[in-house]
Amino acid sequence: MTTEELVTGGLRLEAHKQRSTKAPIRAASLTERYVIPLDQHSGLPAVPLVKPSDRVRIWQPIAQPAPGISAWLHSPVSGEVLAIEPRPAPHRLGAPTLSVVIANDGRDERFENAAAIVSFERLSPNEACEHIARGGIVGLGGAAFPTASKLASSLCENGPKLLLNGAECEPYISCDEVLMRERAEDIVFGARALLHALCSPSCTIAIEDDVPDAHTALRLAIDKVGDARIRIKVVPAIYPAGGERQLIATVFDTEVPHDGLPADIGVVCQNVGTAAAIARWIRDGQPLVSRIVTVTGDGVRDAGNLETRIGTPFSSLIADCGGYTERMSRLIMGGSMMGTSLPHDDLPVVKATNCIVAASSLDLQLRGAEMPCIRCGNCSQVCPAFLLPQQLHWYLQPFDSDQLDRHGLLDCIECGCCDYVCPSQIPLVERFREAKPLLTRELDAHLSADAARTRFLARNERLARLEAEHRAKLAAKRRPKNEPSS
Amino acid sequence: MITALVTIIILAALAGVATVATAGAPKEISLVHRIDALLPQTQCRRCTFAGCRPYAEAIAQGAADINQCPPGGERTAKALAGLMGVTPKPVGKEYGVVPDYPAVAFIEEDACIGCTKCIQACPVDAIVGASRHMHTVIAADCTGCELCIPPCPVDCIVMRPAPAVVR
């Protein structure tokens, strides 16, 4: 282990990107049915604007955001709405969630969206955020947080610093790398739009040191527009360099407060894919109806990156990549470190689907039987959030909410580094992931109990005061009238 | 003027008593606070006391047992037993059943006649409304104590599962 790793935490993992980056981006083949889950972004589910048997055109809005944090959804094809019903969804681990099902007629008839035509340079920051929201743009790094909400909450007087995250640290995912290599102009266009929307003084595009082609392409694109506000920052390829907080710490040498947001230190972080999606919306009027998906792993014959319409079934992408090999053992959405296992491949691509790993036993680190913690401390040396996983594990049995909160369980980013190095094969992240909602619920209960106590005591005090006033009034009445009043 | 003066005198006297009590038994007060911190603050009176703080005071004085809080359930009973150094025991049946999920009161607004009886009964001021005007429960502030249900003359208050918190 080098000193650098000791200081920053994280791991140098063997990259498996070459398998999927050899060929250029290709288009996924079209299918008959597209399934669009209404809750595929963070926040509240969108509200459908169409009903079964309606005709829709490509790029037509089919659902509008619910009040609060939510996002627009658009039709990826032209055709007919078959149903609005619960369908299995990958971000729900295969559990059904309300979705719009559209039958593709293959004609791709264009919807003329009046909202798409604006002169973006003339919009005020708030109008620009609103316009970006209308394109259904959400964070494409994996969390699918509505971009407009993030931008709107980051607006500040002097403009926050913009950070574009191109540090794709997960060993299998390569969709951002090929995007930067092939569509650097889109990213730079999106970066300039974001600079305008945020009134931001500078933009830093962070990329890892192992993607020289992407670096060259970005440099050329920036030189072409001659924008001095945009610069590239190369960061070491240490997993999880691309975590939002980790990247901000690396690039700006400032830490985001543990109970705060990047906006609190004047930084907005967006994925490079999101910037490219914004460019397509503002420049071409194309809302977020497709994204690049990496299909890779030893369990698929012909790995690659596919431009995929949202709602395409995973099985169709696997077929596009030559089908499964006989070694295929597990399907994962997201990367091998932070992704989630899926029960089957009859699930639609959602906006958050950056990668599908068809993993064989060669890809997976096989886990042996769990053994007791020997308190070696390896986990705390690799933790990029500077937590003590061995202590968190200790306080999980029995569940000690005070200590878990004090040791920062909620700051765990679930990167899986502690799991990776644990000699006792303890599934630490799995335990933390399960414990986090319990702890949140308990902390919430504490907060509402405190509020109830305050209200109860305040009410008692008020009743006592009213009672006292009442008695005083009665006493005053009983007193003889002729007594001077003061 | 006299009213104001008398009020001030009464309040001052109360404050004086409180100060004396604080000065006299500082340790006792801190124990009451520590017990109170473990209670769920439903203020439901199922423990037979007039709220969580009075129950905490009773425990501190040895006048109440640690197993009288159904909303807190087994966890609270266990925590109280730990704090008081006694053997844990399950919540006493005579105090009511331990609820399965958090609930809040809901007023069927069509039926409400605006009598303000529930407003007076609510221990945490979580019901708004005025005389002969419809009342409503602020779900975020409702502790689910059910004290508003018996006074309602038209039985228009029902208990519903508490809404999930959206972060």
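The values are calculated or read from the model by the stated rules, or taken from the named source; none is laboratory data. Since the model is a prediction, treat every value here as computed from it, not as a measurement. Virtual Cβ from ideal backbone geometry, glycine too; neighbours counted across all protein chains shown.
Structure data summary
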read-out: In segment B:120-167, the residues that are aliphatic (A, V, I, L, M), outside any loop (DSSP other than H, G, I, E, B) and in contact with a Cys (Cβ under 9 Å, 6 or more places away or on another chain); value: B:121, B:127, B:137, B:157
read-out: Of all residues in segment A:203-219 being buried (at least 24 other Cβ atoms within 10 Å of the Cβ) and closer than 14 Å to residue A:169 by Cα, the one that is nearest to the chain's Cα centre (by Cα); value: A:207
read-out: Matching residues in segment A:450-470 - criterion: being more than 8 Å from chain B (Cβ to nearest Cβ) and of a type in the set (Lys, Arg); value: A:462
read-out: Filter result (aliphatic (A, V, I, L, M) and crowded, with 24+ Cβ neighbours inside 10 Å) within segment A:124-139; value: A:128, A:132, A:137, A:138
read-out: Residue that is out of contact with any helix residue (DSSP H, G or I) (no Cβ under 7 Å at 6 or more places or on another chain), within 14 Å of chain B (Cβ to nearest Cβ), in contact (Cβ under 8 Å) with a residue 24 or more places away in the chain and part of a helix (DSSP H, G or I), where the choices are A:438, A:447, A:410; value: A:438
read-out: Flag if residue B:75 is part of a helix (DSSP H, G or I), under 17 Å from residue B:147 (Cβ atoms) and within 13 Å of chain A (Cβ to nearest Cβ); value: no
read-out: All positions within segment A:425-458 that are surrounded by fewer than 17 Cβ atoms within 10 Å (Cβ to Cβ) and in contact with a Pro (Cβ under 8 Å, 6 or more places away or on another chain); value: A:445
read-out: Residue count, segment B:39-69 (criterion: more than 17 Å from residue B:94 (Cβ to Cβ), within 14 Å of chain A (Cβ to nearest Cβ) and in a loop (DSSP other than H, G, I, E, B)); value: 7
read-out: Residue within segment B:93-113 that is at pLDDT below 90 and on the phi > 0 side of the Ramachandran plot present; value: yes
read-out: Residues that are in contact with a Leu (Cβ under 7 Å, 6 or more places away or on another chain) and buried (at least 20 other Cβ atoms within 10 Å of the Cβ), drawn from segment A:371-392; value: A:379, A:382, A:389, A:392
read-out: Cβ-Cβ under 6 Å pairs, at least 6 apart or on other chains, segment A:166-180 side in contact (Cβ under 8 Å) with a residue 12 or more places away in the chain, far side buried (at least 24 other Cβ atoms within 10 Å of the Cβ) and among the hydroxyl-bearing types (Ser, Thr, Tyr); value: A:169/A:239; A:172/A:296; A:173/A:294; A:174/A:20; A:174/A:294; A:175/A:294
read-out: Complete set of residues in segment B:119-167 that are at negative phi, buried (at least 16 other Cβ atoms within 10 Å of the Cβ) and away from chain A (no Cβ under 14 Å); value: B:135, B:152, B:156, B:157
read-out: Segment A:225-260 - residue that is among the aliphatic types (A, V, I, L, M) and in a helix (DSSP H, G or I) and, of those, farthest from residue A:171 (Cα to Cα); value: A:225
read-out: Tally of residues being part of a loop (DSSP other than H, G, I, E, B) and over 18 Å from residue B:66 (Cβ atoms) across segment B:98-119; value: 13
read-out: Strands (runs of 3 or more DSSP E) contained entirely in segment A:1-98, each with at least 1 residues that are over 17 Å from residue A:349 (Cβ atoms); value: A:61-64, A:79-88
